[in-house]
Amino acid sequence: MSAKFELIAPCFFGCEATANFELRRIGAENIRVSDGRLTFSGGPEMIAAANLNLRTVERVLLLLNTYPASTFDELFDGVYAIPWEEFLPADAAFPVTGSSLNSQLTSVPACQSIIKKAMVERLKDAYGLEQFPETGVKYQVRFSIFKDEAAICLDTSGEGLYKRGYRAVGVEAPLRETLAAALVTLSRYRGRDPFCDPFCGSGTIPIEAALIAKNRAPGLDRRFDAQRWEFLPGQVWMDAADEAQDKEFHGQYDIWGGDIDPRAVDIARDNARKAGVDDCIRFEVADAAKFHRDSQYGQLVTNPPYGERLLERQEAEELYRMLGKVWKTLPEGWRTLVLSSHTEFERAFGRPADKKRKLYNGMIKCDVFMYGNV
């Protein structure tokens, strides 16, 4: 088997540039960027490094085949052509999941069934067995069919990479960790200046800022499906973890999170403790309307309530007006990033953004409104 693999890292729309930056940092090769995903190549050590270190992608997929598939026969043949016996032992569990968009093959359950059947037929021929118990290690198969082009992958991550392991409990409408990390990266925060989130909720943005400041790999406290796969050397995971830990920084950081809800602040403190960064974040029960800082430089990065329903939208506009007044009190050296889906954010805030970037928070289309030297 070739030591080089073709890998795919799906990400939120709008996070492609930050994910590209991260991939370059860990030495990924042949990076290609498209909407909502990046393709790159590397050996087993890259699979481990990507899962451990990438902050803004959703998972790492091992691409096994991509080919035209407008009929079930074509879909079957492309799956059967993959040398599954080189990847899956005879007792492997191999569930199939996926999606189809703008294609002739519209039924996802039917596609799942065809892919499973093709895999079984190939494995029958390879192992000389009639049945497969699927009692062993899981090899999650993921497929996508887009404009009649099929991509068949193995999911090396297991649970999504946004599940860092520190957030067992959240508050209402939590921000996904990968998106929080993208916001921090867009603010160009590197740990030197004060970093503040006056609507911190369960603490996701300050915690991701602390992980970035410490250069701590976000996947160190969790496990990945591919760690149990026979065709990947177990040593690459230990080597990647050792390398990541060697690159950690140990300094003093001024990271602050405030929220008016005492319960949210308690949860934020607990999450920070689980993430191992409670020593460099200060969480306080605080009214955002009274936020003030005298330091000449800093980053204010926040995800205030969106206000999807009419009454909530009116309340959100009041909140944005208040935030605009607070922003005016900050010294000129501050960078401010606000994530919002509200189409009238700039009007309510009181000033057009210096720069805007479209992002998706799950299925919600948002903008990051950037103010200051961005």
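Table for the structure above
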read-out: Of the criteria (1) open to solvent by 20 Å² or more (accessible area, probe 1.4 Å); (2) free of Cβ contacts under 8 Å to residues at least 60 places away in the same chain, which one A316 fails; value: (1)
read-out: Number of the condition not met by V141 [criteria: (1) closer than 30 Å to G251 by Cβ; (2) in contact with a Lys or Arg (Cβ under 9 Å, 6 or more places away or on another chain); (3) at pLDDT 95 or above; (4) crowded, with 21+ Cβ neighbours inside 10 Å]; value: (1)
read-out: The range 327-340, subset open to solvent by less than 30 Å² (accessible area, probe 1.4 Å) and within 24 Å of C15 (Cβ to Cβ), residue nearest to the chain's Cα centre (by Cα); value: L339
read-out: Residue in the range 319-334 that is among the basic types (K, R), touching a strand residue (DSSP E or B) at 6+ places or on another chain (Cβ under 6 Å) and free of Cβ contacts under 8 Å to residues at least 40 places away in the same chain present; value: no
read-out: Hits in the range 122-133 (condition: open to solvent by 60 Å² or more (accessible area, probe 1.4 Å), within 17 Å of E86 (Cα to Cα) and not aromatic (F, W, Y)); value: D125, G128, L129
read-out: Qualifying strands (runs of 3 or more DSSP E) (wholly inside the range 178-295; at least 1 residues being in contact with an Asp or Glu (Cβ under 9 Å, 6 or more places away or on another chain) and open to solvent by 20 Å² or more (accessible area, probe 1.4 Å)); value: 255-259, 281-285
read-out: Number of the condition not met by G27 [criteria: (1) at negative phi; (2) open to solvent by 20 Å² or more (accessible area, probe 1.4 Å)]; value: (1)
read-out: Test for L64: is it surrounded by 14 or more Cβ atoms within 10 Å (Cβ to Cβ), touching a residue at least 24 places away in the same chain (Cβ under 8 Å) and closer than 24 Å to G14 by Cα; value: no
read-out: Residue within the range 181-200 that is among the acidic types (D, E) and over 22 Å from T66 (Cα atoms) present; value: yes
read-out: Scope the range 347-374; condition touching a strand residue (DSSP E or B) at 6+ places or on another chain (Cβ under 8 Å) and more than 16 Å from V301 (Cα to Cα); matching residues; value: R351, Y360, K365
read-out: Criterion: open to solvent by less than 30 Å² (accessible area, probe 1.4 Å) and assigned to a loop (DSSP other than H, G, I, E, B) - qualifying residue of L75, L88; value: L88
read-out: Residue match in the range 358-365 (condition: under 30 Å from K163 (Cα atoms), open to solvent by 90 Å² or more (accessible area, probe 1.4 Å), free of Cβ contacts under 8 Å to residues at least 60 places away in the same chain and part of a strand (DSSP E or B)); value: yes
read-out: Test: T343 is β-branched (V, I, T), open to solvent by 80 Å² or more (accessible area, probe 1.4 Å) and out of contact with any strand residue (DSSP E or B) (no Cβ under 8 Å at 6 or more places or on another chain); value: yes
read-out: Selection from the range 91-120 of residues that are surrounded by fewer than 17 Cβ atoms within 10 Å (Cβ to Cβ) and part of a strand (DSSP E or B); value: A93, T97, S99, L101
read-out: Residues satisfying the stated conditions in the range 51-73, i.e. in contact with a strand residue (DSSP E or B) (Cβ under 8 Å, 6 or more places away or on another chain) and among the small types (G, A, S); value: A69
read-out: Unmet requirement for L161, which otherwise passes all of (1) surrounded by fewer than 24 Cβ atoms within 10 Å (Cβ to Cβ); (2) in a loop (DSSP other than H, G, I, E, B); value: (1)
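Table: residues versus (1) closer than 30 Å to A93 by Cα; (2) in contact (Cβ under 8 Å) with a residue 24 or more places away in the chain.
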position: F199; (1), (2): no, yes
position: S202; (1), (2): no, yes
position: I212; (1), (2): no, yes
position: E230; (1), (2): yes, yes
position: Q235; (1), (2): yes, no
position: E243; (1), (2): no, yes
position: A275; (1), (2): no, yes
position: F291; (1), (2): no, yes
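The values are calculated or read from the model by the stated rules, or taken from the named source; none is laboratory data. What you are looking at is a predicted structure, and each value in this text was computed from that prediction instead of being measured. Please note: Cβ atoms are built from the backbone with ideal geometry, for glycine as well, and neighbour counts cover all protein chains shown. Side chains included, ligands, DNA and RNA excluded: accessible areas come from the protein's heavy atoms. Shrake-Rupley method; radii C 1.70, N 1.55, O 1.52, S 1.80 Å.
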